[in-house]
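The values are calculated or read from the model by the stated rules, or taken from the named source; none is laboratory data. None of these values were measured; they are calculated from a predicted model. When we count neighbours, we look across all protein chains shown, and the Cβ atoms used for this are built from the backbone with ideal geometry, even at glycine. For the accessible areas, the whole protein counts, side chains as well, though only heavy atoms, and no ligand, DNA or RNA atoms are used. Shrake-Rupley method; radii C 1.70, N 1.55, O 1.52, S 1.80 Å.
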Amino acid sequence: MRLISINVLKEGMAVGRTIWNEAGHPLLHKNVIVTSRIIERLRELNIHYLYIDDKLSAGIEIEETIAPLKRMEAVKNMAKSFENVKKAKRDQASYVLDQQSKVIGLIVDDIMNAIINSEEVLMVLTDAYLYDKYIYQHSFQVALYSIAIAKEMGYSYEDIRLIGIGAILHDVGKLLISPDILLKPSNLTDEEYDEMKNHARYGFDLLRNLHSVSLLVAHCAFQHHERIDGSGYPRGLVNNEIHPFAKIIAVADVFDALTSNRIYRKKMLPSEAISIIGRGDGKQFDAKVMEAFRRSIVHYANGSILLLSDGRRGIVSKQNLVDVALPWIRVFQENGKMLDATYEICLSDYPTVDIKKVDVDFDENIE
């Protein structure tokens, strides 16, 4: 299967992966043949990318680190827990959150079991799922990325679990922010932005007195928007003033924000987001965290078409565990000419060849 933009999706193509709604029901089944109505519906749902099956990509499979049904069950359980906190009176919210801590812990345990027992890099395909409440999906994803980074950095099982809990709860303070601000489709006013930034402090206040959760979890919520150069908020902390766990969650948080659809902008592909975050390496983000992040997250998902600097195009066929940024690809085109027979190469064997772009808009009928 291969990844394409909705812009080049055509009638008659076969859907490569099932798309699920937040209730765990399939909205569009794998192998369904695309119609004009399906294309229209996908646009309405704000889906920008889709996997299709075709001869060009035959045999290329995508397997997520967390199975779809397990992911949806976890997000559903998180939503229940968070909604209970949201419904509580403000002075009772911490008590209610304390009661939900066991559920949170079990979700983190499931994520850890999937990631720690896997020798593969973390692969997450967010366009296969639709959620009405961004905060729940986001918190789950940040936990995934944070746990993968912590594993790569060699943290102990106990510390990874704390980081995972801190990641799931890092945005819990947003439950106390007005939906009018959280979901506002236009730019926030200065006053609204100041209130939005208060979510870090609100989260700390909710978490710091919990009996069932370490105080470090509260500091993860408090510090995940701090930056090592002092440019973050709410306190403008620098480098060693920021807890190492919060430094991990900071990178995971930004990566998921960039690779998720938001009210005000389209999602980025992982490679684009990694490049943007990389500009803050050693400046806004800890260099050791960034190094582990790059090694533990898939840059180019299987099925992505890459245009190379030497004029070749190929589909990512499998990951390269030695250098995640340079996967194996199935070359199918050279200098605009489709090949009669494809062949496989590992990009790490071609040090002078660069990846020019992820070509989701490739259309073999136009070339």
Report task. Take the stretch 24-49 and flag every residue that is loosely packed, with under 14 Cβ neighbours inside 10 Å and farther than 23 Å from residue 137 by Cβ. Result -> 31, 33, 35, 36, 37, 40
Query - Qualifying residue in the stretch 52-75 (condition: polar (S, T, N, Q) and open to solvent by 60 Å² or more (accessible area, probe 1.4 Å)) - result: no
Requested in this report: Just need a number here: residues in the stretch 234-258 that are among the acidic types (Asp, Glu) and at pLDDT below 95.
Outcome: 1
Query raised in the report: Is it the case that residue 253 is within 30 Å of residue 46 (Cα to Cα), open to solvent by less than 40 Å² (accessible area, probe 1.4 Å) and out of contact with any strand residue (DSSP E or B) (no Cβ under 8 Å at 6 or more places or on another chain)?
Result: yes
Report task. Would you confirm whether any residue within the stretch 53-68 is among the β-branched types (Val, Ile, Thr) and either free of Cβ contacts under 8 Å to residues at least 24 places away in the same chain or assigned to a helix (DSSP H, G or I) (or both)? Result -> no
Requested in this report: Determine whether residue 291 is under 22 Å from residue 355 (Cβ atoms) and modelled with pLDDT of 95 or more.
Outcome: yes
Report summary line: Only unsatisfied item for residue 201, checking (1) farther than 21 Å from residue 152 by Cβ; (2) out of contact with any Phe, Trp or Tyr (no Cβ under 8 Å at 6 or more places or on another chain); (3) modelled with pLDDT of 95 or more; (4) open to solvent by 10 Å² or more (accessible area, probe 1.4 Å), is (2)
**Report entry** Residue ID - farthest from residue 228 (Cα to Cα), chosen from residues in the stretch 283-293 that are in contact (Cβ under 8 Å) with a residue 12 or more places away in the chain and surrounded by fewer than 20 Cβ atoms within 10 Å (Cβ to Cβ)
**Finding:** 288
**Report entry** Residue tally, condition out of contact with any Ser or Thr (no Cβ under 6 Å at 6 or more places or on another chain), open to solvent by 70 Å² or more (accessible area, probe 1.4 Å) and under 21 Å from residue 293 (Cα atoms), over the stretch 311-358
**Finding:** 4
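Go through 8, 85, 15 for me and flag whichever is without any contact (Cβ under 8 Å) to a residue 60 or more places away in the chain and either farther than 22 Å from residue 259 by Cα or over 20 Å from the mean Cα position of the chain (by Cα) (or both).
On the way: 8 fails: without any contact (Cβ under 8 Å) to a residue 60 or more places away in the chain; 85 fails: without any contact (Cβ under 8 Å) to a residue 60 or more places away in the chain.
That would be 15, the only listed residue that is without any contact (Cβ under 8 Å) to a residue 60 or more places away in the chain and either farther than 22 Å from residue 259 by Cα or over 20 Å from the mean Cα position of the chain (by Cα) (or both).
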Query raised in the report: In the list 288, 283, 267, which residue meets the criterion of being outside any loop (DSSP other than H, G, I, E, B) and of a type in the set (Lys, Arg)?
Result: 288
**Report entry** Positions within the stretch 84-93 being part of a helix (DSSP H, G or I) and open to solvent by less than 30 Å² (accessible area, probe 1.4 Å), in sequence order
**Finding:** 85, 93
**Report entry** Checklist (1) closer than 30 Å to residue 153 by Cα; (2) modelled with pLDDT under 90; (3) surrounded by 18 or more Cβ atoms within 10 Å (Cβ to Cβ) applied to residue 107, failing item
**Finding:** (2)
Report task. Determine if the stretch 3-19 includes at least one residue that is in contact with a Ser or Thr (Cβ under 9 Å, 6 or more places away or on another chain) and β-branched (Val, Ile, Thr). Result -> no
Query raised in the report: Inside the stretch 146-174, can you point out the residues that are part of a helix (DSSP H, G or I) and open to solvent by 10 Å² or more (accessible area, probe 1.4 Å)?
Result: 151, 152, 157, 158, 159, 161, 162, 165, 174
